[in-house]
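The next block holds one structure in the form of structure tokens; read it before the comments.
The values are calculated or read from the model by the stated rules, or taken from the named source; none is laboratory data. This is a predicted model, so every value here is computed, not measured. For neighbour counting, all protein chains shown are included, and Cβ atoms are generated from backbone atoms with ideal geometry for every residue, glycine included. Please note that ligands, DNA and RNA were not included when accessible areas were found on the heavy atoms of the full protein model with its side chains. Shrake-Rupley method; radii C 1.70, N 1.55, O 1.52, S 1.80 Å.
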Amino acid sequence: MNIKLKNIAPHPLIGAFSPSTDIWGKAITIEKGSKVLILAPSGSGKTTLVSVLYGLRKDFDGELFFNDESTSVFDIDKWSDIRSNSIAVVFQDLQLLADLTAMENILLKNQLTNQFSRAKIEEMANQLGILNKLNSKCNNLSRGEKQRVAIIRALCMPFKFIILDEPFSHLDEINTQKAIALINKIVASNKAGLIMVNLFADNHFNYVSQIKMV
Amino acid sequence: MESVSLFKLFFGTKSLKGLVFPLIGLFLGIALIPLVFQINHDVKQVLKGGDSNYQYLQISKEIGISTALGLGTINFSEAEIKKIKAQSFIEDVAQVTSNNFRVYVEAPYNRGGFDGYMHSIPNEFLDEHPSSFFWEIGQNEIPVIISNQFFTLLNTGILPAQGQSPIPKIAIKQLSLPVYLGRGNTRLKMRLRIVGFSDRITTVIVPRNFVDWANNQFHPNQKSKSTMAILKVKDSGNKALSQYLNQNDYEVNKEQLVAQKGMWIAQVILIILFTLGLIISFLSINSVILFVSLVIMKSTKIIEMLLTLGYKRTNISSVIIKFFSFLICIIALFSVMLDWFLIEFLHHVIKEYSSVELTISNGFLLFSPIAVFVIVAYISIAVKKVIRQFSL
């Protein structure tokens, strides 16, 4: 699957985005299986871009294509299929249910496609150092632990692209490296692409390109 | 693979107390309406003497001075019966054939005897038609159907006046009474056995072929007399019918007309109860829907999260619909159980006074499944409508 943005201009940002942006109002294509970094300072519309790519926002001009198919014709069920089978996301605000345990949050995603067994999920949690937190309610977890739960949850589906919105902002270097290793492994097994959206330049993944939002 | 129950997500932490009164209302509504159908059916069956859409009126000729002086006749002629049958408000007529020979019944335990009479009508006019109500030449025992009215009179008036205990129906059916037909040398001794009790006919009925045979035995050249006729009508309250009967000096069994009025009053009461049941059900269903909408509104964050994860709106609505469908089915089941209990009790009470074989009405049988289907469909539509508002 490739992703093509053609003159996308979110309504709240029209007239406000910089002419030097590589994204807003421009035509760019993110090729199948490629890893790209989107550099986006605060307030430049980073989360808006993630929401546009994930179908959560439709208030924009221009067109978004998946495999040359315009998303403007997608209905809500088509977007549900994409969210459960094609595009995985780690949201900046994580979007976890506070009253559920870490495991329940992960299972809620995993049970849509039964991607992994419980043992495999536990193995991933162990790899990220949160095995002993799986039965804790999310509102009792630290921000860093929640980020790792959100990463595992995003990986628990078959996907063609994974979008990461500041996924390591609350992780130390060791845990960041562990998370990168896990993500790389699953991305490779899915032969998927990766879109990293970050405030600063990084070399966490082997990016083929770096796209500036401003 | 274990999974997270969406049901638990929606209802696990929410109080269901708000559902108690709407569900009680729904229970009462669903119980009341089929009960009304069944009571209406029972009233009709009892008053019409069976599971029939018709009413039966017993008519005879008014005894006036002319008949007393022998100038007129109280018998119905063939021509009169044809004329009655030709009336548009009368579906059918049956001539009641009388005996033209003496009937003397010997009472049990040597308590003397009494003169009696015998009538016969076509079997299709009988409300009570047991298989033992059958006679053939050479058979010594004559099967008899008496009216329930007479049976009640026997137990509440005749027997107590003689210091005797009442006799139950089952015991009276065991008696085989000697009966003498005719007089003098040609007198025949046979036996009588009561085989049934009728709500429709207020006389003593024996098989028609027996009366024809016996009349022919004793008076071969005399035609059988008919002092009564049974009218089969769709509406005994029809004005044209009562006018016709008055004009021709036909007397109707008044009790049957009073019963018709009673049925009319009962139906008015039942219509009021039916309307009440509908209103209670409607209000309760809407309260349930209001509760469902509230649950969905309180679960906005969860629903948005599920849609974000890739759940479809149908996945979410089906969880809520399944839960409420289950609740409605349980409520309907309990209301049917209550109705069965009440109807069994009602039928048991009615059987004490009537021999009519009471059946279960189609309205009663069909209402609960139809009601469950309609309510579930109504709630499903409402839930889907609310969930459709989420369009992430």
- Message: Among the residues of region B:302-330, what is the count of those that are open to solvent by less than 10 Å² (accessible area, probe 1.4 Å), closer than 19 Å to A:D99 by Cβ and more than 8 Å from chain A (Cβ to nearest Cβ)?
- Response: 3
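Among the residues of region B:331-365, what is the count of those that are open to solvent by 30 Å² or more (accessible area, probe 1.4 Å), over 30 Å from B:P166 (Cα atoms) and within 17 Å of the chain's Cα centre (by Cα)?
Final tally of qualifying residues: 4.
If you check B:P178 against the conditions, is it more than 21 Å from B:W135 (Cβ to Cβ) and in the same structural domain as B:Q95 (by TED's automatic domain parsing)? Spell out how you get there, then give the answer.
Numbers: more than 21 Å from B:W135 (Cβ to Cβ): no; in the same structural domain as B:Q95 (by TED's automatic domain parsing): yes.
No.
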- Message: Just to be sure I understand, how many residues within region B:178-195 are closer than 14 Å to B:I145 by Cα and hydrophobic (A, V, I, L, M, F, W, C)?
- Response: 3
- Only residues that are loosely packed, with under 14 Cβ neighbours inside 10 Å, at the interface with another protein chain (Cβ under 8 Å from one of its Cβ atoms) and over 20 Å from the mean Cα position of the chain (by Cα): list them for region A:103-141, please. A:S117
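Quick check, is A:N139 closer than 26 Å to A:N198 by Cα and either assigned to a loop (DSSP other than H, G, I, E, B) or at pLDDT below 95 (or both)? It would help to see each step written out before you state the result.
Numbers: closer than 26 Å to A:N198 by Cα: yes; either assigned to a loop (DSSP other than H, G, I, E, B) or at pLDDT below 95 (or both): yes.
Taking the combined requirement at face value, the residue satisfies it.
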- Query: In region A:73-102, which residues are open to solvent by less than 20 Å² (accessible area, probe 1.4 Å) and of a type in the set (K, R)?
  - Reply: A:R83
- If you take the residues of region A:49-69 that are surrounded by 18 or more Cβ atoms within 10 Å (Cβ to Cβ) and touching a helix residue (DSSP H, G or I) at 6+ places or on another chain (Cβ under 8 Å), which of them is nearest to the other protein chains (Cβ to nearest Cβ)? A:L56
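For region A:101-130, which positions are among the hydrophobic types (A, V, I, L, M, F, W, C), part of a helix (DSSP H, G or I) and within 16 Å of A:L171 (Cβ to Cβ)?
Pass one, region A:101-130, residues among the hydrophobic types (A, V, I, L, M, F, W, C): A:102-103, A:106-108, A:112, A:116, A:119, A:121, A:124-125, A:128, A:130.
When the remaining residues are screened for being part of a helix (DSSP H, G or I), the result is A:102-103, A:106-108, A:112, A:119, A:121, A:124-125.
A:A102, A:M124, A:A125 - these are the residues of region A:101-130 that are among the hydrophobic types (A, V, I, L, M, F, W, C), part of a helix (DSSP H, G or I) and within 16 Å of A:L171 (Cβ to Cβ).
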- For region B:267-301, how many residues meet the condition of being open to solvent by 30 Å² or more (accessible area, probe 1.4 Å) and within 14 Å of chain A (Cβ to nearest Cβ)? 3
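Could you count how many residues in region B:342-366 are under 17 Å from B:F27 (Cβ atoms) and modelled with pLDDT of 90 or more?
To start, the set of residues in region B:342-366 that are under 17 Å from B:F27 (Cβ atoms) comprises B:342-343, B:364.
Retained after the next criterion (residues that are modelled with pLDDT of 90 or more): B:342-343.
Of the residues in region B:342-366, 2 are under 17 Å from B:F27 (Cβ atoms) and modelled with pLDDT of 90 or more.
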- Item | Selected residue (only one of A:A98, A:A154 is touching a residue at least 60 places away in the same chain (Cβ under 8 Å) and within 11 Å of chain B (Cβ to nearest Cβ)) | A:A154
- Query: Can A:A9 be described as aliphatic (A, V, I, L, M) and over 17 Å from the mean Cα position of the chain (by Cα)?
  - Reply: yes
- Message: Step by step: first the residues of region B:99-131, then only those that are assigned to a strand (DSSP E or B) and over 30 Å from the mean Cα position of the chain (by Cα), then the one that is modelled with the lowest pLDDT. Which residue is that?
- Response: B:G113
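I'd like to verify a number: residues in region B:191-221 that are within 22 Å of the chain's Cα centre (by Cα) and more than 11 Å from B:V144 (Cα to Cα), how many?
Taking region B:191-221 first, the residues within 22 Å of the chain's Cα centre (by Cα) are B:195-203.
Now narrow it down to the ones that are more than 11 Å from B:V144 (Cα to Cα): B:199-202.
Selection size over region B:191-221: 4.
Residue by residue, here is whether (1) touching a Pro at 6+ places or on another chain (Cβ under 9 Å); (2) of a type in the set (D, E); (3) away from chain A (no Cβ under 14 Å); (4) assigned to a helix (DSSP H, G or I) holds:
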{"site": "B:H348", "(1), (2), (3), (4)": "no, no, yes, yes"}
{"site": "B:K351", "(1), (2), (3), (4)": "no, no, yes, yes"}
{"site": "B:G363", "(1), (2), (3), (4)": "yes, no, yes, yes"}
{"site": "B:A371", "(1), (2), (3), (4)": "yes, no, yes, yes"}
{"site": "B:A377", "(1), (2), (3), (4)": "no, no, yes, yes"}
{"site": "B:I387", "(1), (2), (3), (4)": "no, no, no, yes"}
{"site": "B:L392", "(1), (2), (3), (4)": "no, no, no, no"}
- Can you pull out the residues in region B:7-42 that are of a type outside the set (D, E, K, R), touching a residue at least 12 places away in the same chain (Cβ under 8 Å), open to solvent by 20 Å² or more (accessible area, probe 1.4 Å) and under 30 Å from A:N114 (Cα atoms)? B:F7
- Any hit, region B:233-242, residues being among the hydrophobic types (A, V, I, L, M, F, W, C) and buried (at least 18 other Cβ atoms within 10 Å of the Cβ): yes
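Could you please find all residues in region A:64-93 being of a type in the set (G, A, S) and in a loop (DSSP other than H, G, I, E, B)? Outline the logic, then answer.
First pass over region A:64-93, keeping only residues of a type in the set (G, A, S): A:70, A:72, A:80, A:84, A:86, A:88.
Within region A:64-93, just A:S86 meets the criteria.
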